[in-house]
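Participant: Right, I'll just put the structure down here and ask away after.
Read-outs throughout are calculated quantities, based only on the coordinates presented, and are distinct from any laboratory measurement. Computed from a predicted structure; not experimentally measured. All Cβ positions, even for glycine, are placed from backbone atoms using ideal geometry, and neighbour counts span all protein chains on display.
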Amino acid sequence: MFVDNLTHMAKALNLLTFIFLGTVLVTSCSKQRSGQLQETEQHQSLSEKLQLLRFSEIKPTGWLEKQMVGDLDGFTGHLDSIVPDLILKDDIYGEDRLSKSVKTKDVGAITDDGLWQVQFLWWNSETQSNWWDGYIRNAILTGNAYHLARAEKYVNKILQTQDEDGYLGIYDQELRYKFDNENGELWSKATLLRGLLGWYEYTQDEKVLDAIEKAAQNIINNYPINASHPFYSTNPDASGLTHGLMITDIFERLFQLTKKSEYKSYCVFLYKDFSANKLNEDAQIPKLMDSAYKLRGHGAHTYEHLRALSAAAYSSEDTELMNALDNFLKKIAGTTAPSGGPIGDEWIGQREADATTTGYEFCSTHELMHSYISLLGKTGAMEYAEKVEQVFFNAAQGARHPQHSAIAYLKTDNSFSMNGKRNDDTTQPKQTRYKYSPAHQDAAVCCVPNAGRIGPYYVQSMWMKDTEGLVATLLGPSEVSTEINGENVLIKEITEYPYSNSIRFVVEKSGNKTLTLKIRKPFWADEITSSVDYQKEGDLLVFISEKELMDFEVTFKTSIKEHSFKKDEVYFTYGSLVYALPISSQETISKNFPVSGFHDYQYSPLDFARYLLPTASNLTGDDSKITGIFLNERTRKQENRELVPIGKTILRQVTFQRQ
Ligand SMILES: [Zn+2]
């Protein structure tokens, strides 16, 4: 979430440009206009290469399950009590819907005054709904009866707020759909409906799907396809409005679940209207098609909009959108740190990623991972699976506190202190985000909710379906239970991956049909050993199961890999993990919360040394640690030091220059 420090004067709209673009859109697309949604056959040419399973068909096991149980006992399970004013005491979708009389809202953020404060009006909808989305999904994946009961109660309460015409949202009758400026209409719905979709996929309760479809139809009725401009704003800086593009998440998933093609067309319409309006956002076609244009927008927006463009491009197969998508991916490649963390502290600001000076927001990390998942499904290209693992296992795990229930709002790969400011940089006196907190209310309660979402979104995409069977796209401890060719299939993936690169698969199925099982071969695997035969198909290993029970083990052998970063730095990976040299630190509790056991934590280094790498590489290691000789820059002495996975560190050095 961001607060814009610039003073935003409402700028006069270039009406001529707007009217011209609007006319072209309406005229060229008027033939596609239609009323009620119709069931249609899925166009094979547009179908995704890999299909997401229904949420809850894949369950986490091993360390992934343990982490989710810990989060439910921790910040994800208690956020409503930690920040009650933002969640429990603001019934923003119900009795406290926004009306013309509500001019300000205190969300507890430490900021400068400015016109952007209008954002605060919708902030609690994002905080609440992103939190509930993560909470509901964690409850489902861990099967915890107490949390499931709370989730069910919440869903029923939200459904009761739905108006006769299908409206679910945060505005009263007078305000809704009548905006020419900053607003949270679509964003408050996108965040809310993602949680409801998770609940529907788990329960398969048609009442919930009906409510979501009615809410979607209410949007379509009020912002008619190709005959309205939902992204028109007199002010090009409109954060809630442009977050609202992510309502494409809802329309796209509704298409996948119902096969109603109008949901797809609506994604194309939304993206094109967003792209055509005068907005300070990176993900617009003219900017993406300009090779000199450098990303500069708010990180979380830019990386989530990658997903909206992907949805529009693959729904329309429009060449211009496809080219824009290619260019977007190239631009993003320059903004990601070795951990996969994308610049977002909070603005990208035309910078290239740096391991020490460009921070990444947990929200940006989640959004980029989710966008890569979306591209993985659409393309079937395993390079996106590699990126998803890189971000989840490194940037995300590395921004969680390894012991306490708290996360870093902002984090850098090289993290030399966590006292609120970026590596003790004093140029931003009000910066508080570089610390560990279960809330971060002094900045915004956006990252903690997303820290509860990222795990469930990873898990939902660990297995996908292709036309032949099941594909293990993202690796890790899990259990998948689904139906393939009319037969029930249960697969246990037993492993500590990525902390070990051996995986045992136990496959059980109900009948005698042949089951095709494909397992992704990680790019870094030097050699593969398997206890049963397989065929290679691109980046996949293909196993055929004819018996009712199959039990086999696959090991991906690898070695320490050295990677160049920027001009003269290197970093090391082993398997999917980025390794870091941990720096000992002094912990300070900087805030206590009314809920016992929750605190903000800050860290000062006890060791101020920086390390260089001797000319000849001398590292040895395995899954758990890498050891080698490093040169202490301060003492000029060589020391034998140990690197550990970045997710197990607080303060750390990830990149090294050569001596
Ligand atoms: Zn955030």
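Participant: Add +1 for every Lys or Arg and -1 for every Asp or Glu among the other residues with Cβ under 13 Å from the Cβ of ASN394, and state the total. Could the numbers behind the result be given before it?
Facilitator: Details: positive: LYS387, ARG400, LYS411, LYS648, ARG652; negative: GLU386, GLU389, ASP413.
It works out to a net charge of +2.
Participant: Run through segment 172-235 and list the GluC sites (Glu not before Pro) located in a DSSP loop whose Cβ has at most 11 other Cβ atoms within 10 Å. Mind dumping the intermediate values first?
Facilitator: Values: sites: GLU174, GLU182, GLU185, GLU201, GLU206, GLU213; in loops: GLU174, GLU182.
Passing both the DSSP loop test and the Cβ count: GLU174.
Participant: With runs of 4+ DSSP H residues as the only contributors, calculate the mean residue ellipticity of the chain at 222 nm using -39,500 (n - 2.57) per run, divided by the residue total and rounded to the nearest 500.
Facilitator: On the way: 17 runs with 224 residues, N = 659.
Rounded to the nearest 500, the figure is -11000 deg cm²/dmol.
Participant: I would also like to ask the following. So how much slack lies between SER101 and MET289, counting 0.36 nm per residue of separation and subtracting their Cα-Cα distance, in nm?
Facilitator: Numbers: separation 188, 0.36 × 188 = 67.68 nm, distance 4.27 nm.
Full-extension gain reported as 63.4 nm.
Participant: Restrict the search to segment 595-652; then list the chymotrypsin sites (Phe, Trp or Tyr not before Pro) that DSSP places in a loop and that have at most 13 other Cβ atoms within 10 Å of their Cβ.
Facilitator: Numbers: sites: PHE598, TYR601, TYR603, PHE608, TYR611, PHE630; in loops: PHE598, PHE608.
Filter output for segment 595-652: PHE608.
Participant: Something else about it: Out of ASN183, TYR409, THR426, whose Cα points farthest toward the positive end of the dipole of the chain (charges: +1 Lys, Arg; -1 Asp, Glu; placed on Cβ)?
Facilitator: The one lying farthest along the dipole's positive direction is THR426.
Participant: Can you pull the one-decimal nm distance between simple spin-label points at ALA616 and GLU548, each 7 Å off the Cα toward Cβ?
Facilitator: For the pair ALA616/GLU548, the computed spacing is 6.1 nm.
Participant: Right, another one. What share of Cα pairs, in percent, lie more than 32 angstrom apart in the chain? Mind showing how you got there, number by number?
Facilitator: Details: 105999 of 216811 pairs.
So the portion of pairs separated by more than 32 Å is 49 percent.
Participant: Using Cα pairs closer than 8 Å and at least 6 residues apart in sequence, work out the relative contact order for the chain, in percent. Don't jump to the answer; show the numbers that get you there.
Facilitator: Values: 1353 pairs, mean separation 91.0, N = 659.
Contact order relative to length: 14 percent.
Participant: Placing +1 on the Cβ of each Lys and Arg and -1 on the Cβ of each Asp and Glu in segment 334-383, which of CYS363, GLY380, ILE348 has its Cα farthest towards the positive end of the resulting dipole?
Facilitator: GLY380
Participant: Work through the residues other than LYS557 whose Cβ is under 14 Å from its Cβ and net out their charges, Lys, Arg +1 and Asp, Glu -1. Before the final figure, lay out each step's value.
Facilitator: Values: positive: LYS521, LYS561; negative: ASP526, GLU527, GLU553, ASP622, ASP623.
It works out to a net charge of -3.
Participant: May I ask for the equivalent-ellipsoid semi-axes of segment 188-312, computed as the square root of five times each C-alpha gyration tensor eigenvalue and listed largest first in whole Å?
Facilitator: Working: eigenvalues 146, 44, 33 Å².
Taking √(5λ) for each Cα gyration eigenvalue gives 27, 15, 13 Å.
Participant: Can you return the lysines within cross-link range of LYS625? Criterion is Cα-Cα under 28 Å, with same-chain partners fewer than 8 residues away left out.
Facilitator: Within reach: LYS66, LYS387, LYS411, LYS435, LYS492, LYS521, LYS557, LYS561, LYS566, LYS567, LYS637, LYS648.
Participant: In addition: Viscosity 1.002 mPa s, temperature 20 °C: give me the Stokes-Einstein translational D for segment 295-361 in µm²/s, with Rh taken as the Kirkwood radius over C-alpha pairs.
Facilitator: Working: Rh = 12.3 Å.
Answer from the Stokes-Einstein relation: 175 µm²/s.
Participant: Give me the Debye-computed log₁₀ of I(q)/I(0) at q = 0.14 Å⁻¹ for segment 518-659, equal point scatterers on Cα only, no solvent, two decimals.
Facilitator: The calculated log intensity ratios at q = 0.14 Å⁻¹ are -0.80.
Participant: Suppose we keep just the DSSP beta bridges with both residues in the chain; what percent of those would be antiparallel, to 5?
Facilitator: Numbers: 84 of 90 bridges.
Restricted to the chain, the bridges split so that about 95 percent are antiparallel.
Participant: Here is a follow-up. With a Cα-only, solvent-free Debye model of segment 389-447, what are the log10 I(q)/I(0) values at q = 0.12, 0.16 Å⁻¹?
Facilitator: -0.27, -0.48
Participant: What does the charge count near ARG150 come to, summing +1 for each Lys or Arg and -1 for each Asp or Glu among other residues with Cβ under 12 Å from its Cβ? Display every interim value, and only then the final one.
Facilitator: On the way: positive: LYS153, LYS157; negative: ASP80, GLU152.
That works out to 0.
Participant: Now, a different point. As a footprinting exposure proxy, order GLU164, GLU587, GLU126 by other Cβ within 10 Å, with the fewest listed first. Write out the running numbers ahead of the final one.
Facilitator: On the way: GLU164 6, GLU587 15, GLU126 27.
Fewest-to-most Cβ neighbours within 10 Å comes out as GLU164, GLU587, GLU126.
Participant: Further question on the same structure: Taking the Cα-to-Cβ direction at ASN592 and at ALA227 and moving 7 Å from each Cα, how far apart do the two end points lie in nm?
Facilitator: 6.2
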